[in-house]
Amino acid sequence: MATECRAFPKPAGPSARAPRTADDALAELLAGNRRYACGRPRHPRGEAARQHAADAGSRPFAAVLGCVDSRVPPELVFDQGLGDLLCAGTAGQVLDEAVLGSLQYGVEELRIPLVLVLGHERCGAVAATLDHLRTGAPVPGHLRLLVDEIAPAARRTRGLPGDWLDHTVRAHTAWVRDAIRADPAFGAATVAAARFDHGAGLVSLLEPSERQPGQGSSEALPAAPTPKRGAFPSAANPPAP
């Protein structure tokens, strides 16, 4: 579906007030993404705005947990500038204690009202996981953690008709969202999930039921187990060999 593009309001200056609620933060992210998809971005900001951000300190209005894929940089995808977003990234949005600690810092210390988990189509980490499940080939080194964390979503969606890769992207992204929601450390924030479409450049929110509107093939998707705090590897709790 083609992106609807029209004239946008005049860009706000560095003194514009950042969103203070989760709803406003999400609305700003989606509005910025629409500007990006339409080829009418307002950022990156100029020199004056850079100096303003340096003087004002770190006051992001949203945290984005995304993939390390170089095609999905959150500041560009959401058309935001310096100081607007706290960004954390791992391959496939896989959680570990460092990621959780970074997001918790944003919520507790910086008072960020919104955490958005951003998956994307044709994710390489998900594709590698599916290849492993198809072939049974061993996974080398640290890549095992990625496969181990993504594989449950892949197994739950394997029997669904349609694109197994995209089903897994959606299910895993929603699972990460639910894992963060279940953690008491994030009780003060709203946690949402979304998927980025490379072709259209658009971000679409994922529904609580792990499906997008119109994606009826995912209706039978079983619920993922709720993760418990401390389930992710850390230096003190390494993954089992």
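Compute the Cα gyration tensor for the range 136-203, then decide on rounded, prolate or oblate, letting a ≥ b ≥ c be the square roots of its eigenvalues: rounded whenever a/c is under 1.5, prolate when a/b is larger than b/c in the other cases, and oblate in all that remain. Verdict is oblate for the range 136-203.
Within the full protein context, the accessible area of residue 148 is estimated at about 80 Å² for a probe radius of 1.4 Å. Heavy-atom accessible area for residue 42, with the other protein chains in place and a 1.4 Å probe, reaches approximately 70 Å².
When the alpha carbon coordinates of the range 86-185 are projected onto the principal axes, the ranges are 45, 31, 21 Å, largest first.
The values are calculated or read from the model by the stated rules, or taken from the named source; none is laboratory data. Keep in mind that this is a model prediction, so the values were computed, not measured. Just the protein is used for accessible areas: all its heavy atoms, side chains included, with ligands, DNA and RNA removed. Shrake-Rupley method; radii C 1.70, N 1.55, O 1.52, S 1.80 Å.
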